[in-house]
Amino acid sequence: MKTALKRTVSTAAIAAAGLAGTVGVGALTAAPAQAKIDSGIYTIRSTNVGITSLPGKAVVRGNVLTTYSGAGTTRLRLHPTPRGAYADQGITRYTFTKRNGRLYSGKIMVGPIQTGTIELRKRH
């Protein structure tokens, strides 16, 4: 008789735990923070392999960064991170971390090697 009671109690405990997971007790935990680069018009500047670029125009709309230069227009998809975003172009990764209300800065990486820095400064 004791065995039957123990089996009933353990079955009820397992069922309650399963029900709690199904109902969403685990959903009370917060999702990871997702930041992004605010939409708007920016000035973009970079230093790559010791060469500093002239300031150029960049526009962020949603999760697309569009840069304009003498070489043409480039569009990069932005991927949100907890503190900003990153964009990949071939084997090059551009990271952007929010520094204050108007500035995002970060690294230019080619594979595991940092080759330069980049910044986006929001225009007024």
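Side notes on the structure shown:
- Arg83 vs. criteria at pLDDT 95 or above, surrounded by 13 or more Cβ atoms within 10 Å (Cβ to Cβ) and not hydrophobic (A, V, I, L, M, F, W, C): no
- Scanning region 50-66 for residues that are within 21 Å of Lys107 (Cβ to Cβ) and modelled with pLDDT of 95 or more yields Ala58, Val60, Val64, Leu65, Thr66.
- In region 43-63, the residues that are exposed (fewer than 14 other Cβ atoms within 10 Å of the Cβ), in a strand (DSSP E or B) and among the aliphatic types (A, V, I, L, M): Ile51
- Checking each residue in region 97-112 for being surrounded by 16 or more Cβ atoms within 10 Å (Cβ to Cβ) and of a type in the set (Val, Ile, Thr) picks out Thr97, Ile108.
- Hits in region 28-42 - residues which are assigned to a loop (DSSP other than H, G, I, E, B) and either of a type in the set (Gly, Ala, Ser) or at pLDDT 90 or above (or both): Ala30, Ala31, Ala33, Ala35, Ile37, Asp38, Ser39
- Residues located in region 75-86, provided they are under 8 Å from the mean Cα position of the chain (by Cα) and either part of a strand (DSSP E or B) or basic (Lys, Arg) (or both): Leu78, His79, Pro80, Thr81, Arg83, Gly84, Ala85, Tyr86
Listed here are the residues, each with its yes/no results for (1) of a type outside the set (Val, Ile, Thr); (2) free of Cβ contacts under 8 Å to residues at least 12 places away in the same chain; (3) assigned to a strand (DSSP E or B); (4) surrounded by 17 or more Cβ atoms within 10 Å (Cβ to Cβ).
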{"residue": "Thr73", "(1), (2), (3), (4)": "no, yes, yes, no"}
{"residue": "Thr95", "(1), (2), (3), (4)": "no, no, yes, yes"}
{"residue": "Gln114", "(1), (2), (3), (4)": "yes, yes, yes, no"}
{"residue": "Thr117", "(1), (2), (3), (4)": "no, no, yes, no"}
{"residue": "Arg121", "(1), (2), (3), (4)": "yes, no, yes, no"}
{"residue": "His124", "(1), (2), (3), (4)": "yes, yes, no, no"}
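- Verdict on Ser105 being hydroxyl-bearing (Ser, Thr, Tyr) and at pLDDT below 95: no
- Among the candidates Leu103, Leu76, residue that is of a type outside the set (Lys, Arg) and touching a Leu at 6+ places or on another chain (Cβ under 7 Å): Leu76
- All positions within region 81-124 that are among the polar types (S, T, N, Q) and out of contact with any Lys or Arg (no Cβ under 8 Å at 6 or more places or on another chain): Thr81, Gln89, Thr92, Asn100, Thr115
The values are calculated or read from the model by the stated rules, or taken from the named source; none is laboratory data. Computed from a predicted structure; not experimentally measured. Cβ: placed from backbone, ideal geometry, glycine included. Neighbour counts: every protein chain shown.
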